[in-house]
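Sharing a structure here in structure tokens format.
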């Protein structure tokens with residue numbers, strides 16, 4: 001009997017070494033070969049072999065040397081940010097936002113498309129046309145289009161790969177979103193996540209909360225939901241539907257919500273609620289005009305945002321009681337309202353919550369603004385970047 005050992009053992013070990021090497025480069029970039037070896041425990045020859053292959057394939061680049069107390073200064077290597085692009089798509093009730101970045105997450109382009117139809121297939125077809133355009137435009141990059149993160153204000157069954165439930169996009173229920181996308185692009189990786197989780201991921205990776213261990217992200221656009229991040233993990237609940245606090249009741253027998261309930265937080269503290277307070281619509285009054293008017297001291301907008309902030313504060317009091325976060329980030333379109341919104345929120349919180357529970361609390365509006373959730377989509381693609389790098393590196397010429 002011949003002892004052959006694990007089948008494909010050499011290839012497997014090579015792939016594992018490459019994973020350790022590129023993962024370390026991505027985490028500590030820029031970094032020297034010696035430092036990679038020290039962190040991973042791989043020998044220097046193995047690290048150099050992996051790095052040289054990445055260099056040959058155009059996936060990493062060599063930078064200058066770094067200062068050292070003795071000996072020859074080491075050469076730093078870094079990710080070639082221009083090797084490919086990532087795309088994040090934030091689908092909302094009446095529009096979808098597209099963010100295009102390089103593979104380090106730096107913004108290259110962003111666009112907003114109006115959804116004139118509530119049915120899912122026309123939206124998927126529009127996304128397909130856009131992705132075909134992006135693939136063609138960036139075909140010169142060695143990795144091309146690395147991956148697409150789709151963010152939806154709905155609950156997606158990852159086992160059946162269908163939309164399970166949506167209060168605001170009812171026509172999407174039972175729609176095979178992933179299958180419909182893969183039918184058009186069978187070789188393109190797609191990653192799908194609900195809005196609150198993606199928003200929290202985007203803020204932690206690209207926003208002000210990069211060093212935070214605990215974060216509550218409030219996605220505040222046409223809908224309203226909450227993502228809870230704790231020590232590197234997202235709280236998703238038993239079936240992945242945690243965060244539906246936009247449909248928690250803050251007004252008994254209040255306004256009828258699309259979910260069937262009355263008095264939902266979303267009906268009083270979302271972009272839709274703001275337009276209702278102003279007795280107008282987005283086509284008549286672009287959101288940018290509200291932001292501009294607020295900055296110029298328009299009393300009509302100040303009063304509406306103050307009322308909106310009051311209701312935001314009521315909902316956030318419930319969030320504080322439930323999760324006891326140190327940081328709350330307001331994301332989405334409402335983040336653009338800035339200090340006037342925050343002032344109104346704090347006023348309500350001081351009225352509703354004992355002062356001892358507010359002492360160390362930080363609340364801020366995301367610097368990522370309306371692109372925060374789309375950044376979460378990009379972060380999904382970037383998390384899988386090592387796999388794309390290794391697959392391309394192992395391709396035969």
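The values are calculated or read from the model by the stated rules, or taken from the named source; none is laboratory data. Everything numeric in this text was worked out from a predicted model, so none of it was measured. Positions of Cβ are generated from backbone atoms using ideal geometry, with glycine treated the same way; all protein chains shown enter the neighbour counts.
Somewhere in the stretch 353-366, is a residue part of a helix (DSSP H, G or I), in the same structural domain as residue 231 (by TED's automatic domain parsing), under 26 Å from residue 151 (Cβ atoms) and at pLDDT 95 or above?
Within the stretch 353-366 (the criterion being part of a helix (DSSP H, G or I), in the same structural domain as residue 231 (by TED's automatic domain parsing), under 26 Å from residue 151 (Cβ atoms) and at pLDDT 95 or above), the answer is no, since none of the residues qualifies.
Evaluate the stretch 287-302: report whether one residue or more is touching a residue at least 24 places away in the same chain (Cβ under 8 Å) and closer than 15 Å to residue 343 by Cβ.
yes
Right, another one. Taking the stretch 367-377 on its own, how many of its residues are in contact with a helix residue (DSSP H, G or I) (Cβ under 7 Å, 6 or more places away or on another chain) and assigned to a helix (DSSP H, G or I)? Don't jump to the end; show me each part of the working.
Here is the first cut: in the stretch 367-377, the residues in contact with a helix residue (DSSP H, G or I) (Cβ under 7 Å, 6 or more places away or on another chain) are 368-370, 372-373, 375-377.
Within this subset, residues satisfying the condition of being assigned to a helix (DSSP H, G or I) are 369-370, 372-373, 375-377.
Residues that pass the stated criteria total 7.
Separate question: Residues that are within 30 Å of residue 286 (Cα to Cα), surrounded by 16 or more Cβ atoms within 10 Å (Cβ to Cβ) and over 20 Å from the mean Cα position of the chain (by Cα): does the stretch 100-122 have at least one?
Yes, that holds for at least one residue.
Filter the stretch 320-341 down to the residues that are surrounded by 20 or more Cβ atoms within 10 Å (Cβ to Cβ) and in contact with a strand residue (DSSP E or B) (Cβ under 6 Å, 6 or more places away or on another chain), then identify the one that is farthest from residue 225 (Cα to Cα).
The extreme case among them is 325.
Kindly indicate which of 372, 377, 315 is in contact (Cβ under 8 Å) with a residue 60 or more places away in the chain, within 21 Å of residue 265 (Cβ to Cβ) and under 16 Å from the mean Cα position of the chain (by Cα).
Details: 377 fails: within 21 Å of residue 265 (Cβ to Cβ); 315 fails: under 16 Å from the mean Cα position of the chain (by Cα).
372 is the lone residue from the list that is in contact (Cβ under 8 Å) with a residue 60 or more places away in the chain, within 21 Å of residue 265 (Cβ to Cβ) and under 16 Å from the mean Cα position of the chain (by Cα).
Could you please let me know if residue 387 is outside any loop (DSSP other than H, G, I, E, B) and closer than 30 Å to residue 288 by Cα? Spell out the reasoning first.
Working: outside any loop (DSSP other than H, G, I, E, B): yes; closer than 30 Å to residue 288 by Cα: no.
Considered against the rule, which asks whether it is outside any loop (DSSP other than H, G, I, E, B) and closer than 30 Å to residue 288 by Cα, residue 387 comes out as no.
Is it the case that the stretch 274-283 has a residue that's in contact with a strand residue (DSSP E or B) (Cβ under 7 Å, 6 or more places away or on another chain) and either outside the structural domain of residue 134 (by TED's automatic domain parsing) or not in a strand (DSSP E or B) (or both)? Lay out the reasoning, then the answer.
First pass over the stretch 274-283, keeping only residues in contact with a strand residue (DSSP E or B) (Cβ under 7 Å, 6 or more places away or on another chain): none.
Among the residues of the stretch 274-283, not one is in contact with a strand residue (DSSP E or B) (Cβ under 7 Å, 6 or more places away or on another chain) and either outside the structural domain of residue 134 (by TED's automatic domain parsing) or not in a strand (DSSP E or B) (or both), which makes the answer no.
Are any of the residues in the stretch 38-52 touching a residue at least 40 places away in the same chain (Cβ under 8 Å), surrounded by 17 or more Cβ atoms within 10 Å (Cβ to Cβ) and outside the structural domain of residue 144 (by TED's automatic domain parsing)? Let's see the steps before the verdict.
Residues of the stretch 38-52 touching a residue at least 40 places away in the same chain (Cβ under 8 Å): none.
Checked the stretch 38-52: no residue is touching a residue at least 40 places away in the same chain (Cβ under 8 Å), surrounded by 17 or more Cβ atoms within 10 Å (Cβ to Cβ) and outside the structural domain of residue 144 (by TED's automatic domain parsing).
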